[in-house]
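Each remark here refers to the structure printed beneath this line.
The values are calculated or read from the model by the stated rules, or taken from the named source; none is laboratory data. Note that the structure is a prediction, hence the values are computed from the model and not measured. Cβ sites come from the backbone with ideal geometry, for glycine too, and all protein chains shown count toward neighbours. All accessible areas refer to the heavy atoms of the entire protein, side chains included, with ligands and DNA or RNA removed. Shrake-Rupley method; radii C 1.70, N 1.55, O 1.52, S 1.80 Å.
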Amino acid sequence: MQLVVARIGRAHGIKGEVTVEVRTDEPELRLAPGAVLATDPAAKGPLTIETGRVHSGRLLLRFEGVADRTAAEALRNVLLIAEVDPRELPEEEDEYYDHQLMDLDVVTKDGVEVGRITEISHLPSQDLFIVERADGSEVMIPFVEAIVVEIDLEEQRAVIDPPPGLIDDRAEIASARDEDETASARDEKTRENTDGTGDGS
């Protein structure tokens, strides 16, 4: 099974290094020197990682045959793809590969169907489930323990306990309306107090 493990960013320096947007929980395994990766578009690869290092919190890679900035810039936005045994599991408990989570049904603790996971977005601060609802709209759900309370691979579902407003658009609209009404009432009271002070002077 092929998995996207990184996206190449801009060139770094003049010796062929590139920044990468990591899309795997195991970069030390998938993006180690010597790893041979397929690419999308396929014509840009395969690429063999020559060196890797972390600089200012970003992973920098250099590939064999990419020796200068021009060659590095030509790889910008290329996806790096690793071949992974679908039976392989992450080393840490409660960790999952993206392909295990894709297409899981998302339901709340109360059994309310939310939608289906169509993408996992790996951000610097946290991972996000991109969930497609029955009406075609999307909702983003942070993949954190406080919200995603259970991953059941046998039942092919993710159980969530969402905070108010995360998946309920009506709650967000109602909340915004309540805030507007409160603000209007406060402004009206301020005007009345101001007018009353003026009449008494």
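Side notes on the structure shown:
- With the simple spin-label model, which puts each label point 7 Å out from Cα in the Cβ direction, the Asp103 to Leu166 separation comes to 2.5 nm.
- Förster radius 45 Å - calculated FRET efficiency between Thr118 and Arg53, Cβ distance, rounded to 0.05: 0.85
- Where region 7-164 is the region considered: accessible area per residue in Å², 1.4 Å probe: 58
- Computed label-point distance, nm, for sites Leu153 and Leu29 using a 7 Å Cα→Cβ extension: 1.1
- Across the accessible surface of region 106-170, with the other protein chains kept in place and a 1.4 Å probe, carbon and sulfur atoms take up 46 percent.
- In nm, spacing of pseudo-spin labels at Leu3 and Thr39 (7 Å Cα→C-beta vector): 2.2
- In plain terms, the chain from Glu64 to Ser137 could stretch by 22.0 nm, reckoned as 0.36 nm per residue minus the Cα-Cα distance.
- Cα-centred dipole magnitude for region 1-122, charges only on beta-carbon of K, R (+1) and D, E (-1), debye, nearest 20: 940
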